[in-house]
1. Exposure proxy check: Tyr52, Tyr94 ranked by fewest other beta carbons within 10 Å?
2. With 10 angstrom as the radius, rank Phe156, Phe145 by how many other C-beta atoms surround their C-beta, starting from the fewest.
3. Along the principal axes of its C-alpha atoms, what lengths does the stretch 114-165 span, in descending order and rounded to whole Å?
4. Applying the Karplus parametrisation 6.51 cos²θ - 1.76 cosθ + 1.60 with θ = phi - 60° to the phi angles of the stretch 20-27, what ³J(HN,Hα) value in whole Hz is obtained for each residue in order, glycine and proline being reported as x?
5. Just want the ordering: Val96, Val143, from fewest to most Cβ atoms lying within 10 Å of their own Cβ.
6. Under 28 Å Cα-Cα from Lys128, which lysines qualify once same-chain neighbours fewer than 8 residues away are excluded?
7. If you plug each phi of the stretch 103-115 into the Karplus form 6.51 cos²θ - 1.76 cosθ + 1.60 with θ = phi - 60°, what whole-Hz ³J(HN,Hα) values come out, in order, with x for Gly and Pro?
8. Work out from phi, with θ = phi - 60° and the Karplus expression 6.51 cos²θ - 1.76 cosθ + 1.60, the ³J(HN,Hα) of each residue of the stretch 128-145, listed in order in whole Hz, and give x for Gly and Pro.
Amino acid sequence: MSLMSSDQDNHQDNPNHQDNQAAERLESLKAGIAGQLIAAAVFVPIALLNHYLPFQTLQFGDRNWQETGLPKEALISLAIVVFSGFLFGVTYRYVVRQDENPQLQSGAVGAFGLVRGLAQVEANLDKKMPLWVWGIWVAESMVLFGAIALSLNWIFDRGWIQRMK
């Protein structure tokens, strides 16, 4: 017994459906690539700002907030952000579709932003940091994914990438 309906079976044999499916996948790939480029463009200034702000040398407990230099940690963070931007770009295209529902758009940003920001908080729970530092991490993630969403909407509106049908 097949899990696919007979309607889906008919679509599998239809060359137009396969072409359409390939076109949709290409548009999703383009959204993912745009998402990762935008994520990198937003993250680099944030990382530099975090590295060079004067409060980086403040002591929290027995440790500096940033104990090591920028390169290694920043490159790892950049790789994670670029990958997250790709996933967000693809997911955002599927979530918003041809719909201009602001709840869907902001919900996608909030979901990705909170997951990334709270993961950073959780990874640093053992460090004695003030609450506002954790708030900055969550806010940075919300700004990151908000910028990607705004940029993707701008790109969608110009027809450079098609919204999901």
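Throughout, read-outs are computed from the coordinates displayed, never taken from laboratory work. Treat the numbers as computed from the prediction; the structure is a model and nothing was measured. Methodologically, a virtual Cβ is constructed for each residue, glycine included, from the backbone with ideal geometry; neighbour enumeration extends over all protein chains shown.
1. Details: Tyr52 9, Tyr94 13.
Going from least to most buried by this count: Tyr52, Tyr94.
2. Phe156, Phe145
3. Ordered largest first, the stretch 114-165 gives principal extents of 48, 17, 11 Å.
4. Calculated HN-Hα couplings, in order: 4, 5, 5, 5, 5, 5, 5, 5 Hz.
5. Details: Val96 21, Val143 15.
Arranged by neighbour count, lowest to highest, Val96, Val143 become Val143, Val96.
6. Filter leaves Lys72.
7. Those phi angles translate into 5, 5, 5, 6, x, 5, 4, x, 5, 5, x, 5, 4 Hz.
8. Result, rounded to whole Hz: 8, 10, x, 4, 5, 5, 5, x, 5, 4, 5, 4, 4, 5, 5, 5, 4, 6.
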